[in-house]
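Chemist: Before I ask anything, let me first share the structure, which is written out below as structure tokens.
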Amino acid sequence: MGTDLRTEIREFLSSRRARITPEEAGLPAFGGNRRVKGLRREEVAMLAGVSVDYYIRMERGNLASASDSVLDALAGALKLDDAERDHLLALARQSHTSPGRRRRAPATQVRPAIQQVIDAITDAPAWIRNGRHDILAMNPLARALYAPVLADPRRPANTTRFVYLHPDAAEQFFVDYDQIARDAAAMLRLEAGRNPHDKALIELVGELSTQSELFRRRWASQDVRFHRSGRKRLRHPVVGQLDLDFEAMELPSEPGLYLNIYTAAKDTPTADALKLLASWAASNDQVDAEHFPAGARD
């Protein structure tokens, strides 16, 4: 991943091409058996308004000369969603980025002021993560909520490592485990496109690929996904099931770091359960700040 950008581009484009039928692309359906799954290269080239030779060069991993308009046309031809477009543009940027101008590696700690911000959020679990899904800081309610994830003493805690390398605990904790696993791998691949030379990310993908057959399958799908907002259902060992709304916001002052907040609508069972969880966290030594100190380091 960190050294073969051409392979990343080739596999991403060919996988997106393979999933679209001629009918879905608005092309006439011809009889007989097609020797390729999805669209042919010449069909993608026609839809994108480029020559066949030019598209073949792109699919072979050469995006360095592709203009924004060509990339936009290619994204339209392949019916890419917003996350996939972002990934394509990131791969193109990496194609003409010199080693000296590579993106800074994601942070592994937070400033005290950011810790103060999340500590000031007292009615909702809040935490900070980077693009690798390392949890860098949490407020007390988040530590209580994610107690099963934090049971692994390795720091920084990493949610994707928990999902794939502790599947029994993760399946118990995440009600929609299959979707969580798909999303986790897809979000990690999106980060890999943005920052393919991040050594810690390369090591994490290698670790997961070596130890989890499920991760290998998800990673090979080439899927990418944003993680901005939605609903997450958790099965907490103390307070039971929680149906939470989440928002994930990148911090403008700390590029590459994200603030995650879980909330529940008023007068719902989940809102009551969060209050119970806060009370439990305040009185239970199992959720001890010493196990996850503010501004935790690698």
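FYI, it's all coordinate maths here, none of it is from the lab. These figures come from a predicted structure and were not determined experimentally. Methodologically, a virtual Cβ is constructed for each residue, glycine included, from the backbone with ideal geometry; neighbour enumeration extends over all protein chains shown.
Chemist: Could you order peptides 193-200, 266-273, 253-260 by the average number of other Cβ atoms within 10 Å of their residues, highest first? Intermediate results must be reported in sequence, preceding the final value.
Modeler: On the way: 193-200: 19.2, 266-273: 13.6, 253-260: 17.4.
The densest-packed peptide leads the list: 193-200, 253-260, 266-273.
Chemist: With everything on Cα atoms, drop me the angle between helix 269-283 and the longest principal axis of the chain, reported from 0 to 90° to the nearest 10.
Modeler: In the chain, helix 269-283 runs at an angle near 60 degrees to the longest axis.
Chemist: What are the semi-axes of the equivalent ellipsoid for the chain, taken as the square roots of 5 times the Cα gyration tensor eigenvalues, largest first, in whole Å? Don't skip to the end; give the middle numbers.
Modeler: Details: eigenvalues 319, 90, 56 Å².
Taking √(5λ) for each eigenvalue gives 40, 21, 17 Å, largest first.
Chemist: Between Val50, Val224, Val163, where does the largest GNM mean-square fluctuation fall for the chain, given springs only between Cα atoms within less than 10 Å?
Modeler: Val50
Chemist: Using label points projected 7 Å from each Cα along Cα→Cβ, tell me how many nm separate Ala120 and Ala64, to one decimal.
Modeler: With each label point 7 Å from Cα toward Cβ, the separation is 4.8 nm.
Chemist: A further question follows. How about Lys275: which lysines have a C-alpha closer than 28 Å to its C-alpha, ignoring those fewer than 8 places off in the same chain?
Modeler: Within reach: Lys232, Lys266.
Chemist: Starting with the fewest neighbours, write out Ile56, Ile9 ranked by other beta-carbon atoms found within 10 Å of each beta-carbon. Please list the in-between numbers first.
Modeler: Numbers: Ile56 15, Ile9 22.
Exposure proxy ranking, most exposed first: Ile56, Ile9.
Chemist: Let me ask you something else. By how many degrees, 0 to 90 and rounded to 10, does the Cα axis of helix 68-77 deviate from the longest principal axis of the chain?
Modeler: In the chain, helix 68-77 runs at an angle near 90 degrees to the longest axis.
Chemist: Specify which residue in the list Gly49, Leu89, Gln241 is farthest towards the positive end of the charge dipole of the chain, using unit charges on the beta carbon of Lys, Arg (+1) and Asp, Glu (-1), about the Cα centre.
Modeler: So the residue we want is Gly49.
Chemist: Provide Trp280, Trp219, Trp127 in ascending order of the number of other Cβ atoms located within 10 Å of each residue's Cβ, fewest first. If you can, show how the numbers build up before the last one.
Modeler: Working: Trp280 16, Trp219 20, Trp127 25.
Placing the least packed residue first, the sequence is Trp280, Trp219, Trp127.
Chemist: Taking 0.36 nm per intervening residue step and subtracting the Cα-Cα distance, what contour gain separates Arg34 from Asp178 on full extension? All intermediate terms of the calculation are to be shown ahead of the outcome.
Modeler: Working: separation 144, 0.36 × 144 = 51.84 nm, distance 3.25 nm.
Going from the current span to full extension adds 48.6 nm.
Chemist: Using a 10 angstrom cutoff on alpha carbons, build the Gaussian network for the chain and name the most mobile of Ala75, Ala248, Ala113.
Modeler: In the Gaussian network model the winner is Ala113.
Chemist: Could you give me the percent of Cα pairs per 5 Å distance bin for the stretch 5-101, shortest bin first, beginning at zero and ending with the bin that holds the maximum distance?
Modeler: 2, 13, 25, 27, 16, 8, 5, 2, 1, 0, 0
Chemist: A further question on this structure: Return the lysines within reach of Lys79: Cα separation strictly under 24 angstrom, same-chain partners fewer than 8 residues apart disregarded; answer none if there are no such residues.
Modeler: Lys37
Chemist: Between exposed GluC sites (Glu not before Pro) in the chain, where DSSP calls loop and at most 13 other Cβ atoms lie within 10 Å, what's the longest gap? Please list the in-between numbers first.
Modeler: On the way: sites that count: Glu23, Glu24.
The answer is 25-298.
Chemist: Among Ala64, Ala113, Thr263, which residue has its Cα furthest toward the positive end of the charge dipole of the chain, with +1 on Lys/Arg Cβ and -1 on Asp/Glu Cβ?
Modeler: In the chain, that residue is Ala64.
Chemist: Mind checking the alpha-carbon convex hull of the stretch 193-271 and giving the volume per residue in Å³? Let's see the in-between values first.
Modeler: Values: hull volume 12.0 nm³, N = 79.
Once divided by residue count, the hull of the stretch 193-271 is 152 Å³.
Chemist: I need Met249, Met46, Met138 ordered by Cβ neighbour count within 10 Å, fewest first.
Modeler: Met249, Met46, Met138
Chemist: Here is a follow-up. Nothing charged except the Cβ atoms of Lys and Arg (+1) and of Asp and Glu (-1): what's the magnitude of the dipole of the stretch 112-291 about its Cα centre? Round to the nearest 20 debye. Write down the numbers at each step before the final one.
Modeler: Numbers: 21 positive and 25 negative charges, 96 e Å.
Computed about the Cα centre, the dipole is about 460 debye.
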